[in-house]
Amino acid sequence: MPSDLTVLLFSLVLFHSIGIFTTQLAGVFGGTLLLEKFYQCPGRESGPNKISNVEIKPSGKNKFRINGTITVGIPVVEPASIIVEMYKCSDKERQHCHHQVDFKNEDMCKIFGREGMPWTSFFEGIAIPPNCPIKQGTYSLNGAELDLTSVQTLAFIHGFWKLKSYGKSRGKQWHCAIIEFALENQKRKKG
């Protein structure tokens, strides 16, 4: 079973790789996760996989419903890999960031189909199969659910972060993106 860090990283990468994080997720990880920016890697702005007409709404504690359309321009087939570089940054501008850890998975297709993961309910709400190959085409999200309950206890350092991820399928790059987010402590009201 993957560690909480692996689950968190893969969840963030999976969902930002298709561009659906454009909002803040309150109450996650003992604080607030603010997803501030998502963008394609410089020089890769016209990546092959896109999402449009995105709408994200809370559906419960650490759960969110996502509507929109995913266009898969390059099939994701075995062997498919993903690499995530994680950086802790000194401030919101993220000009000075220090490499913390890399997450690498050479068999991403097997992770897609795992039960009990935050993305399990997501795949149940869309037409994309929870395994490879993911064929070229346009897929509707129709209220797909993202459930981060299983990673809410992750002890994570609050501050400013940057994730850079790369995905390859049979040697072809299907994904290259950067996400910037902040983790803030939840403040309790003094009575």
*Odd one out for S121, checked against (1) at pLDDT below 85; (2) touching a Ser or Thr at 6+ places or on another chain (Cβ under 7 Å)*: (2)
*Do any residues in the range 141-162 that are under 27 Å from D91 (Cβ atoms) and basic (K, R) have Cβ atoms under 7 Å from those of residues that are at pLDDT 80 or above and not in a loop (DSSP other than H, G, I, E, B), where the two are at least six apart or on different chains, and which pairs are they?*
K162/Y87; K162/C89; K162/C97; K162/I178; K162/E180
*Collect the residues in the range 79-113 that are basic (K, R), in contact (Cβ under 8 Å) with a residue 60 or more places away in the chain and over 22 Å from E184 (Cβ atoms), keeping them in residue-number order.*
none
*Looking only at the range 78-133, count how many residues are under 28 Å from G159 (Cα atoms), over 14 Å from the mean Cα position of the chain (by Cα) and part of a strand (DSSP E or B).*
11
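The values are calculated or read from the model by the stated rules, or taken from the named source; none is laboratory data. Worth saying up front: this structure is predicted, and the values here are computed from it rather than measured. Backbone-built Cβ (ideal geometry, glycine too); neighbour counts: all protein chains shown.
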